[in-house]
Amino acid sequence: MASRSRPDATERVMELMMYLLARDVPKTREQIWRDTGLYAPEGTTDRRLLQSSRASFERDKALIRNLGVRITETMEHDGATSYTIRRQDYFLPDLQLTPDEQVALRFAAAAVDIGETWDLEAVAKLTSETAAEPLGDVDQPEAALALETADAAEQSASALLPALAVAAAERATVRFAYGGRARDVQPLALLCRAGYWYLAAMEDDTAKTFRVDRMEGDVRVGERGAFGRADVDVAGLLPSEPMEIDFGDDLMARVRIDATMASQPTAERGTVIERHDDGSVTVEARVRNRAAFRTWLLDMGRHAVVESPPELVADITSWLTALAGETEAVQR
């Protein structure tokens, strides 16, 4: 398995921030360097390496602060400075959104195409606390059901995330049950896609991802520093397109997009297979995540029509019917 001597600056800053956030007690610079392996190795006497590492450490702290994240510093009894990121300084407090406000937020996120998946992830996090509340006496629209699903997944994963974050930062092996069998892996990082958390890890010298809410039982963390850093493009382990992230389906959808939207970035999330004289296009999109597919359709509104496969057409028709009924009930 290949290894690299140093992570790049972006990886280093993110790992440092994750490490400080996962700690219950502040850590000194020496402890941080030893636990993470991000800077000069423990015991080194190389003057230039120590100076370079100290400069990198100070720059990384400054970058974290520039991101708006407060690092709390504490003076220890021996004069050393220790560091931590308090959860209350990092996480947004509960906004206490009502069920109707959650639905409105979903519509707002779907109405603006920013070319990334941040909107989907942000909405899932902002609304996860209250998503399971009922929306009156009528059936919930798909937007609320998607939030409810994300909420359940987040609750399942929340107890495991701190241990996994620590293991990734300290290069400690992890053991857990997944897919009906025990897994022994070398964690690399935690990823979030479409409201779900994934552990990127090496298993049998192969880079893989494991959905955290599908882990069975507890996570057992081994000794820190048990393995070197793998030369892996962690971000590339999951598709950047939310529709292609595996949620149990694997369909090839065919969608007709009219001339109004055909040239917009949103339409380009599918592959154009036919161009029509009226300016419209037919695109194909792989669908392994129906909730993300529906969000994409909401983004295009009446300018897109699902043509196949039949089971997906029926599913979208049923979803839109329920959504229209709920919207009418809210307006009354």
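The values are calculated or read from the model by the stated rules, or taken from the named source; none is laboratory data. Quick caveat, the model's predicted, so the values are computed rather than measured. Heads up, the Cβs are rebuilt from the backbone with ideal geometry, glycines too, and the neighbour counts pull from every protein chain shown.
How many residues does the stretch 220-244 contain that are farther than 21 Å from TYR196 by Cβ and not β-branched (Val, Ile, Thr)? Let's see the steps before the verdict.
Our first condition is that a residue be farther than 21 Å from TYR196 by Cβ; within the stretch 220-244, this holds for 220-231.
Next, from what is left, pick out any that are not β-branched (Val, Ile, Thr): 220, 222-231.
Number satisfying all stated conditions: 11.
Kindly provide the set of residues from the stretch 203-228 that are within 13 Å of ALA172 (Cβ to Cβ) and either out of contact with any Phe, Trp or Tyr (no Cβ under 6 Å at 6 or more places or on another chain) or charged (D, E, K, R) (or both), ordered by number.
Across the stretch 203-228, the qualifying residues are ARG220, VAL221, GLY222, GLU223, ARG224, GLY225, ALA226, PHE227, GLY228.
Can we say ARG229 is without any contact (Cβ under 8 Å) to a residue 60 or more places away in the chain and among the basic types (Lys, Arg)?
No: the conditions fail for ARG229.
Say we look at the stretch 284-305 and pick out the residues that are of a type in the set (Val, Ile, Thr) and crowded, with 20+ Cβ neighbours inside 10 Å; which of these is nearest to the chain's Cα centre (by Cα)?
Selected residue: THR295.
Restricting to the stretch 240-292, give me the number of residues that are in contact with a Lys or Arg (Cβ under 8 Å, 6 or more places away or on another chain), of a type outside the set (D, E, K, R) and either at pLDDT below 80 or under 30 Å from MET14 (Cβ atoms) (or both).
The total comes to 5.
Tally the residues that are assigned to a strand (DSSP E or B) and under 24 Å from PRO162 (Cα atoms), restricting the search to the stretch 43-80.
The total comes to 3.
Are any of the residues in the stretch 232-250 touching a strand residue (DSSP E or B) at 6+ places or on another chain (Cβ under 9 Å), in a strand (DSSP E or B) and surrounded by 13 or more Cβ atoms within 10 Å (Cβ to Cβ)?
No, that holds for no residue.
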